Amino acid sequence: MTTTNWPGNSQWPLWQKILFRFFFIYFILYTAPWTWISLIPREWASKITQPYYKFMDWLVNTANDKLFHVYTMLVPFNGSGDTSFGWIQFRLFLLLAFVGCIIWSLVDAKRPNYNFLAYWFRLVLRYTLIINCFGYGISKLFCFQMPFPSLSQLATPLGDYLPMRLSWMYMGYSSTYQFFAGAFEVVAGILLLFRRTATFGTIVALGVFTNVMIMNMGYDIPVKLFSTHLVIICFVLLAFEYRRIFALLFNDPMQAGTVYRPVILKKWLRITGYVLKLAFIVFVVILPFKQDYKSYKDSKKPQATGPIKPGVYEVKTFVLNGDTLPFTYADKLRWKDVIFDHNTGGSVGSLDTMFRQRYGRGYFNFSIDSAKQNLDLIKRTVDFKTFPLGSLHFELPDSNTIVLSGRLRKDSVYALLVRTPRHFQLTERQFHWLSEYNR
């Protein structure tokens, strides 16, 4: 006597078994559910997954060197999911799934069904969607994923932006729209959590992630591979219930869904499932929500701006290594302006590669030592590494003037900055029910 009756037909057609073998191998490799233990916010949890990530790094690089011969060097994931490493990993998983499907079909040809594996496969895919629905959705609820454009971004000409940054600021500008998008992701996650509403949750998630995928495609946002996989996962889950979905669409009689409702006869197994699900909700929903809510409340507290006021400063005088450089548009080293944002970031109107160059401006981070009146500048690279640029002494002759002097890297710098009354209309967050003309 078995302890569980798994949902599904007793006899699967050959085509269904072949497709299942392929998709099972591929998506188990892609989702890597054994790495979910790192969702537990403990150092030991992430250490458990480190050997797997090291092995995967070796495997993908070896596949590129010995098998695919596509790239001379692979760039790992770095905030972009569409790196050369990601594409080779995609090819490798497809190849392993294809070869594995052939071998599996040869050695297990007589098995009538895969109801047991299919249930757990659906569970893995479903919880993959749940993790991402809450992960991205909660962040959007508090407008953390796409922050409001900074002063440096507002001061950059629109034509200098790449499509991805334009879309990020488009989402970040409207807290209402971003909250709306996040709310739908959270709703999809809540529906997916429960068996009775899991299919409806998959349909909602399909709509949400299709919109995300198209936005990634249309604005060249480097999460195309990942978002496409989320959409495909939704279709795979719905494929298990295609008869019920067709019946709903064409107004035919429809039976109750059973794909997420195995008959578990042992009480201890049911209790174990409830405990694991509760732990999952705590680590994936409650703790992230609590942490983001705390960060949101902290962000609303009055921030100490320090002696240097945020704003746009015109560089009236700029001396580099003893030479006073006049203002010219062709000069790539002279600072045209300096912007101190409302956090510890800023930018200069310069193409000097000493700073991180983005959209025609040089970006930096800074810290202030008020006692010594020192401004320490830091360069943050695309892979989040930091390098000290140097320390400048600052003087404040009046509330709108800053005098900087000191050394940055190997150069001596002197700059006279004057705060300008620069105003950006986007910061007003305008909304009008009545609009007499097209703005």
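Some points to look at:
- In the set Ile286, Ile308, only one residue is assigned to a helix (DSSP H, G or I) and of a type in the set (Val, Ile, Thr); that residue is Ile286.
- Residue selected from the range 132-146 under the condition in a helix (DSSP H, G or I) and under 12 Å from Asp292 (Cβ atoms), by the criterion nearest to the chain's Cα centre (by Cα): Tyr136
- Within the set Thr210, Thr258, Thr228, Thr272, the sole residue that is among the hydroxyl-bearing types (Ser, Thr, Tyr), within 22 Å of Tyr119 (Cβ to Cβ), in the same structural domain as Ala118 (by TED's automatic domain parsing) and surrounded by 13 or more Cβ atoms within 10 Å (Cβ to Cβ) turns out to be Thr258.
- Some residue of the range 346-353 being surrounded by fewer than 16 Cβ atoms within 10 Å (Cβ to Cβ), under 20 Å from Leu151 (Cα atoms) and of a type in the set (S, T, N, Q): no
- Wholly enclosed helices (runs of 4 or more DSSP H) of the range 160-242 bearing at least 2 residues touching a Pro at 6+ places or on another chain (Cβ under 6 Å) and under 23 Å from Asn78 (Cβ atoms): 163-173
- If you check Lys297, Lys301, Lys266 for being of a type outside the set (Ser, Thr, Tyr), exposed (fewer than 14 other Cβ atoms within 10 Å of the Cβ) and touching a residue at least 40 places away in the same chain (Cβ under 8 Å), only one passes: Lys266.
- Residue selected from the range 365-383 under the condition hydrophobic (A, V, I, L, M, F, W, C) and without any contact (Cβ under 8 Å) to a residue 40 or more places away in the chain, by the criterion nearest to Pro307 (Cα to Cα): Ala371
- Matching entry among Thr328, Thr324 (being polar (S, T, N, Q) and modelled with pLDDT of 90 or more): Thr324
- Where helices (runs of 4 or more DSSP H) fall wholly inside the range 1-109, the ranges with 3 or more residues that are at pLDDT 95 or above, hydrophobic (A, V, I, L, M, F, W, C) and in contact with a helix residue (DSSP H, G or I) (Cβ under 6 Å, 6 or more places away or on another chain) are 14-31, 84-107.
- Close pairs from the range 417-436: first among the charged types (D, E, K, R), partner assigned to a loop (DSSP other than H, G, I, E, B) and surrounded by 10 or more Cβ atoms within 10 Å (Cβ to Cβ), Cβ under 7 Å, at least 6 apart: Arg419/Lys309; Arg419/Asn400
The values are calculated or read from the model by the stated rules, or taken from the named source; none is laboratory data. This structure is a prediction, so every number in the text was calculated from the model and none was measured. As a convention, Cβ positions derive from the backbone with ideal geometry for all residues, glycine included, and neighbour counts pool all protein chains shown.
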